[in-house]
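The values are calculated or read from the model by the stated rules, or taken from the named source; none is laboratory data. What you see is a predicted model; the values in this text were computed from it and never measured. Side chains are part of the model used for accessible areas, which takes the heavy atoms of the whole protein and leaves out ligands, DNA and RNA. Shrake-Rupley method; radii C 1.70, N 1.55, O 1.52, S 1.80 Å.
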Amino acid sequence: MLPPIARRFVAGESPAAALEHARELNERDVAVILNLLGEHYDDPEPAEADAAAYRQLIDDIADADLDACVSIKPSQLGLDLGEDRFRALLEEVVARGAERDVFVWVDMEDHTTTDATLDAFEDLAREHWSGEGPDGGIGLCVQANLKRTREDVERLADVPGKVRFVKGAYDEPADVAYADKSRVNEAYRELLEYAFDRYDGGIAIGSHDPEMIDYAKELHEERGADFEVQMLMGVREDAQVELAAEGYEVWQYAPYGKKWKSYFWRRIRERKENLTFALRAILGR
Ligand code: FAD
């Protein structure tokens, strides 16, 4: 059972709990990105099982008419077992999303997976949504800490679908990534400038950073392209509801599933205050 301390960051262990979480947030005008926890499978069975679970989740989201979508890690769909398997499983999920009109996001993992993830994303986006622009039903995450990302973002400019801009969560070698936080922030701003100039909308700000969100608002005012804000469950939730009330499109990334332990500890390690917040939540103050 999910202990109360983890409930701040994880929507539940079952799809039913995740869907209920989405329903509650939708009432506050926040849309939800559901992620079934799981990654780095070295066996085909769990990868196939998670692909099947995502197909079912897409059906459930569509049947319940929720303002919700899904987000998937490449290694959850077997990328560690080979690119072909990953592509085949992603295709199954994306095809179901296209059929039921439920958006599918692809998370980005460490730099060794970037080429395979981008190639699969581009092929599927073109195959299913050619000519549909940013409203296509698929999106890809890109990481500002990687030096290659500017070129990737240029490549994605005419690919149908959305792009989620994040700072990057993985420890990467110095030859491929910026280590310095202020350099990553500068790269993030530069990527947004490019996207607001060249993209026809479909820009997702995957950040809790008030400075980056304000910068996106400014660029939107100046240059017009539409954007949405995405934040994690349990992080700046007041800001999520406030931004939605101001009329911005806000999506909360909410993980669920039985493999919650490593995700929960990642959140705690990343920011010690998160432990205080989680403890306060169970103590009711
Ligand atoms: P930071 O640079 O960590 O912090 C900047 C400022 O934001 C802080 O000074 C503070 O003002 C505010 N802030 C940050 N955290 C908190 C907090 N806990 N409480 C209060 N204020 C806070 N990374 C990947 O590599 N691949 C992915 O696919 C991916 N998907 C993501 C999806 C979403 C929706 C989000 C939100 C993040 C995702 N990330 C992903 C993680 C991302 O790369 C960053 O590691 C993470 O978001 C931290 O960076 P930040 O921009 O939020 O802010």
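One table, with the values for the structure above:
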read-out: Relative contact order [Cα under 8 Å, 6+ residues apart], segment 45-159, whole percent; value: 25
read-out: Relative contact order for segment 71-228, counting Cα pairs under 8 Å that sit 6 or more residues apart, in percent; value: 18
read-out: Per residue accessible area in Å² of the chain, where ligands, DNA and RNA are left out and the probe is 1.4 Å; value: 46
read-out: Cα centroid separation - segment 96-119 against segment 210-264, whole Å; value: 19
read-out: Distant-in-sequence amide H partners of Gly78 (H built 1.01 Å from N, under 5 Å); value: Tyr41
read-out: Distant-in-sequence amide H partners of Ile72 (H built 1.01 Å from N, under 5 Å); value: Trp105, Val106, Asp107
read-out: Solvent exposure, largest accessible area first (probe 1.4 Å, DNA, RNA and ligands not counted), of Arg28, Arg189; value: Arg28, Arg189
read-out: Eligible aspartates and glutamates near Lys258 by straight Cα distance, threshold 14 Å, same-chain separation 8 or greater; value: Glu13, Glu39, Asp50
read-out: Accessible area of segment 207-262 belonging to carbon and sulfur atoms, whole % at 1.4 Å probe; value: 47
read-out: Estimated 222 nm signal from helices in the chain, with DSSP H stretches of n ≥ 4 weighted -39500 (n - 2.57), rounded to 500; value: -15500 deg cm²/dmol
read-out: Span from the segment 46-67 Cα centroid across to the segment 72-95 one, whole angstrom; value: 15
read-out: Rounded to whole Hz, the Karplus (6.51, -1.76, 1.60) HN-Hα couplings of segment 186-194, x for glycine and proline; value: 4, 4, 4, 4, 4, 5, 4, 4, 4
read-out: Solvent-accessible surface (1.4 angstrom probe) belonging to Phe121, in square angstrom, nearest 10; value: 0
read-out: Lysines with Cα under 18 Å of Lys162, excluding same-chain neighbours fewer than 8 positions away; value: Lys73, Lys217
read-out: Percent antiparallel among DSSP beta bridges (both partners in the chain, rounded to 5); value: 5
read-out: Mean separation of Cα contacts under 8 Å, 6 or more apart, over the residue count of the chain: relative contact order %; value: 23
read-out: Karplus (6.51, -1.76, 1.60) ³J(HN,Hα), θ = phi - 60°, over segment 33-45, in Hz, Gly and Pro reported as x; value: 9, 9, 10, 6, 5, x, 6, 6, 7, 10, 9, x, 4
read-out: Residues whose placed amide H lies under 5 Å from that of Lys162, excluding near-sequence neighbours; value: Ile138, Gly139, Leu140
read-out: J(HN,Hα) series, segment 168-178, from Karplus relation 6.51 cos²θ - 1.76 cosθ + 1.60, nearest Hz, glycine and proline x; value: x, 10, 9, 6, 10, x, 4, 6, 10, 9, 7
